[in-house]
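S.K.: Pasting a structure below so you can have a look.
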Amino acid sequence: MMDTASTQKDSRKRRKRRPLQKVFNGIETAGNKLPHPATLFALLALVVVLLSWLLANLEVTAEDPVEGGQVEVFNLLSAEGIQWLFTSAVDNFLGFAPLGVVLVTMLGIGLAEQTGLIGALLRGFILAVPRALVTTGIVFAGVMSSVASDAGYVVIPPLAAIIFVAMGRHPLAGIAAGFAGVSAGFSANFLLSGTDVMLGELTIEAAATVDPEYAEGMNLAMNYWFIIASTVLLTIVGTLVSQYIVEPRLGTWEGKGAITQDDQDTMTLSGQEKKGLIWAGVSALITIALLALLIVPANGVLRGEDGAVIQSPFMDSLVIIIVIVFFIPGAVYGLVTRSVRNDTDAVDHMSKTLAGMAVFIVLAFAAGQFIAYFEESNIGLLVSVTGADFLESINLTGIPLLLLFMLFVGIINLFVGSASAKWAMLAPILVPIMMYLGISPEFTQAAYRVSDSATNILSPLMTYFALIIAVAQRYDKKIGIGSLISVMLPYSLAFWAAWTVMAMGWYLLGLPLGPGSPVQY
């Protein structure tokens with residue numbers, strides 16, 4: 001009788017999950033039919049070329065509300081246009097805003113990751129958290145891991161599962177809390193990271209098409225205050241969802257709960273790792289103190305005119321500062337733990353990181369052509385002006401416009417997982433439109449980051465989704481795409497709702513998003 005009841009219960013659960021399974025299977029199927037992001041950019045570039053020919057021949061124009069006069073489309077298939085296409089290809093690639101800064105930033109972050117510093121730091125933090133705050137610690141560590149997202153995905157969900165089993169709690173609840181922090185909280189952090197650099201450069205470039213002077217005053221820390229507050233918010237929300245929704249729904253863990261020797265090793269830090277963390281911490285403090293001497297004094301050499309901080313060499317050198325802050329502790333940790341024995345080892349570690357950026361470099365070439373074609377043809381300006389006029393004519397401005405924008409980004413994110421690829425496509429159009437409607441580029445980027453992050457855990461196309469399923473199947477062989485998404489759905493909805501409310505409150509209060517970064521344009 002017990003077996004029959006259990007079978008009927010499992011059957012009912014499967015029927016309830018079936019509609020959700022079909023929806024996300026459909027998303028996976030549709031997403032898999034999309035070309036690679038690099039191919040997608042190449043196709044978009046071709047569309048821009050053909051569209052420039054069509055619109056130029058139709059003599060489509062619009063009135064420029066900033067510069068005045070008429071915006072005319074430049075035909076890229078004219079003799080002059082074809083000459084430009086051939087002669088500008090290399091410059092378009094090198095001019096792709098995030099290319100140089102991302103590669104440079106990853107030299108420092110990559111060394112810290114390759115030597116094991118970031119992984120050991122995440123493990124050490126979670127293992128040191130008091131038992132009552134384990135869930136909070138896991139979510140927080142996941143959010144903070146976005147400084148090196150690969151380490152977060154690889155370290156936190158598996159470690160969280162092991163810790164939960166050791167505590168007699170359901171391992172899937174631990175995996176879910178870790179996955180939510182790492183992926184759904186990807187754009188929040190207490191530290192500036194490669195994400196800020198990558199998105200910021202694209203935003204500044206898009207803003208420059210409307211107001212070059214305004215774009216000149218923007219900086220890569222434009223969302224810093226916002227992401228700090230977001231880290232606190234998501235940690236609290238993630239903890240509440242875990243403890244009051246996800247874990248009760250999963251029920252009592254009835255598995256064997258055996259901890260293997262490998263698991264035991266994962267739950268401890270070796271003496272060498274602890275020593276490495278101590279010396280890395282000391283070197284980080286010394287590094288920050290030395291950098292502070294260049295910034296904090298009123299006559300600091302990295303300050304701007306009249307002692308300014310926002311408009312200063314300091315803000316212009318955030319990329320190299322991020323590299324230094326990660327590189328030195330990473331190198332010290334490597335020397336102490338012997339993962340770096342000489343300069344050749346350090347170079348090898350950085351080379352491995354840049355080797356992993358090969359796909360990004362290919363994407364950058366195609367994206368650089370698309371963005372340059374879009375700007376040179378004036379189609380971007382034409383679409384922005386026309387789109388802004390239309391939205392204003394139907395009175396879609398302010399919060400309603402922002403909510404529609406965020407909903408659009410969240411849906412697109414289910415099909416195109418790469419944050420940089422999406423923003424490279426969307427920023428040239430949406431940043432100018434928002435500026436024409438009085439919303440700052442800084443706030444447009446912040447709103448984008450909210451929806452782009454919150455729905456990551458619902459996309460079967462997200463790069464590490466398969467890895468999370470593999471970790472979960474260690475404890476439940478029946479876990480598949482639909483069942484994992486059903487576990488993660490409460491996190492996504494709660495994160496998106498709470499984060500959106502915070503963003504709208506930020507907008508209404510007119511609080512700065514970061515140094516010198518207003519919400520309105």
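S.K.: Given (1) at pLDDT 90 or above; (2) in a helix (DSSP H, G or I); (3) not aromatic (Phe, Trp, Tyr), where does Leu382 come up short, assuming only one miss?
M.R.: The failed condition is (1).
S.K.: Restricting attention to segment 342-391, and to residues there that are among the aromatic types (Phe, Trp, Tyr) and buried (at least 21 other Cβ atoms within 10 Å of the Cβ), which single residue is farthest from Ser88 (Cα to Cα)? Break it down into steps so the answer makes sense when it comes.
M.R.: Restricting attention to segment 342-391, the residues satisfying the condition of being among the aromatic types (Phe, Trp, Tyr) are 360, 365, 370, 373-374, 390.
Cutting the leftovers down to buried (at least 21 other Cβ atoms within 10 Å of the Cβ) gives us 360, 370, 373-374.
Values: Phe360: 20, Phe370: 12, Tyr373: 10, Phe374: 13 Å.
Out of the qualifying residues, it is Phe360.
S.K.: Shifting gears a bit: Under 6 Å between Cβ atoms, at least 6 apart or on separate chains: pull out the pairs that start in segment 462-486 with a residue that is farther than 16 Å from Trp253 by Cα and end on any residue that is open to solvent by 20 Å² or more (accessible area, probe 1.4 Å) and polar (S, T, N, Q).
M.R.: Filtered contacts from segment 462-486: Gly482/Gln21.
S.K.: Let me ask you something else. In segment 61-109, which residue that is of a type in the set (Ser, Thr, Tyr) and in a loop (DSSP other than H, G, I, E, B) is most open to solvent (accessible area, probe 1.4 Å)?
M.R.: Applying the first criterion (of a type in the set (Ser, Thr, Tyr)) to segment 61-109 yields 61, 78, 87-88, 105.
Filter once more, keeping what is in a loop (DSSP other than H, G, I, E, B): 78, 88.
Numbers: Ser78: 35, Ser88: 9 Å².
Across segment 61-109, the extreme among qualifying residues is Ser78.
S.K.: Could you count how many residues in segment 197-233 are part of a helix (DSSP H, G or I), within 15 Å of the chain's Cα centre (by Cα) and in contact (Cβ under 8 Å) with a residue 60 or more places away in the chain?
M.R.: Of segment 197-233, the ones part of a helix (DSSP H, G or I) are 197-208, 212-216, 224-233.
With within 15 Å of the chain's Cα centre (by Cα) added as a condition, the list becomes 197-203, 224, 226-228, 230-231.
Restricting the remaining residues to those that are in contact (Cβ under 8 Å) with a residue 60 or more places away in the chain gives 197-203, 224, 226-227, 230-231.
Of the residues in segment 197-233, 12 are part of a helix (DSSP H, G or I), within 15 Å of the chain's Cα centre (by Cα) and in contact (Cβ under 8 Å) with a residue 60 or more places away in the chain.
S.K.: Out of all the residues in segment 470-521, which are assigned to a helix (DSSP H, G or I), of a type in the set (Val, Ile, Thr) and within 21 Å of the chain's Cα centre (by Cα)? Lay out the reasoning, then the answer.
M.R.: So in segment 470-521, the residues assigned to a helix (DSSP H, G or I) come out as 470-473, 481-509.
Retained after the next criterion (residues that are of a type in the set (Val, Ile, Thr)): 471, 481, 485, 487, 500-501.
Correct list: Ile485, Thr500, Val501.
S.K.: In this structure, is Gln445 open to solvent by less than 10 Å² (accessible area, probe 1.4 Å) and among the polar types (S, T, N, Q)?
M.R.: Details: open to solvent by less than 10 Å² (accessible area, probe 1.4 Å): yes; among the polar types (S, T, N, Q): yes.
So Gln445 passes the test.
S.K.: Here are Ile411, Ile399: which of them is modelled with pLDDT under 90, open to solvent by 30 Å² or more (accessible area, probe 1.4 Å) and of a type in the set (A, V, I, L, M)? Steps first, answer last, please.
M.R.: Working: Ile399 fails: modelled with pLDDT under 90.
On inspection, the qualifying residue turns out to be Ile411.
S.K.: Applying the selection to segment 270-294, what residues are open to solvent by 60 Å² or more (accessible area, probe 1.4 Å), touching a residue at least 12 places away in the same chain (Cβ under 8 Å) and under 28 Å from the mean Cα position of the chain (by Cα)?
M.R.: Ile288
S.K.: Please verify whether Ile321 is modelled with pLDDT under 90 and either within 24 Å of the chain's Cα centre (by Cα) or buried (at least 20 other Cβ atoms within 10 Å of the Cβ) (or both), treating the condition exactly as stated.
M.R.: Answer is no for this residue.
S.K.: Within segment 458-487, track down each residue that is aromatic (Phe, Trp, Tyr) and under 26 Å from Pro37 (Cβ atoms). Steps first, answer last, please.
M.R.: Within segment 458-487, the first condition is being aromatic (Phe, Trp, Tyr), and the residues that meet it are 464-465, 475.
Answer for segment 458-487, where residues must be aromatic (Phe, Trp, Tyr) and under 26 Å from Pro37 (Cβ atoms): Tyr464, Phe465.
S.K.: Name every residue in segment 314-350 that is out of contact with any helix residue (DSSP H, G or I) (no Cβ under 9 Å at 6 or more places or on another chain) and part of a helix (DSSP H, G or I), in order of residue number. Outline the logic, then answer.
M.R.: Just the residues of segment 314-350 that are out of contact with any helix residue (DSSP H, G or I) (no Cβ under 9 Å at 6 or more places or on another chain), to begin with: 315-317, 342-344, 347.
Scanning segment 314-350 gives Met315, Asp316, Asp343, Thr344, Val347.
S.K.: Any idea which of (1) surrounded by 24 or more Cβ atoms within 10 Å (Cβ to Cβ); (2) at pLDDT below 90; (3) hydrophobic (A, V, I, L, M, F, W, C); (4) not in a helix (DSSP H, G or I) is the one Ala188 doesn't satisfy?
M.R.: (2)
S.K.: Residue by residue through segment 127-146, note down the ones that are under 22 Å from the mean Cα position of the chain (by Cα) and buried (at least 21 other Cβ atoms within 10 Å of the Cβ).
M.R.: At the first step, the residues of segment 127-146 found to be under 22 Å from the mean Cα position of the chain (by Cα) are 136-146.
Answer for segment 127-146, where residues must be under 22 Å from the mean Cα position of the chain (by Cα) and buried (at least 21 other Cβ atoms within 10 Å of the Cβ): Gly137, Ile138, Val139, Phe140, Ala141, Gly142, Val143, Met144, Ser145, Ser146.
The values are calculated or read from the model by the stated rules, or taken from the named source; none is laboratory data. What you see is a predicted model, and the numbers here were worked out from it, not measured in a lab. Heads up, the Cβs are rebuilt from the backbone with ideal geometry, glycines too, and the neighbour counts pull from every protein chain shown. Note: areas computed on protein heavy atoms with side chains; ligands, DNA, RNA excluded. Shrake-Rupley method; radii C 1.70, N 1.55, O 1.52, S 1.80 Å.
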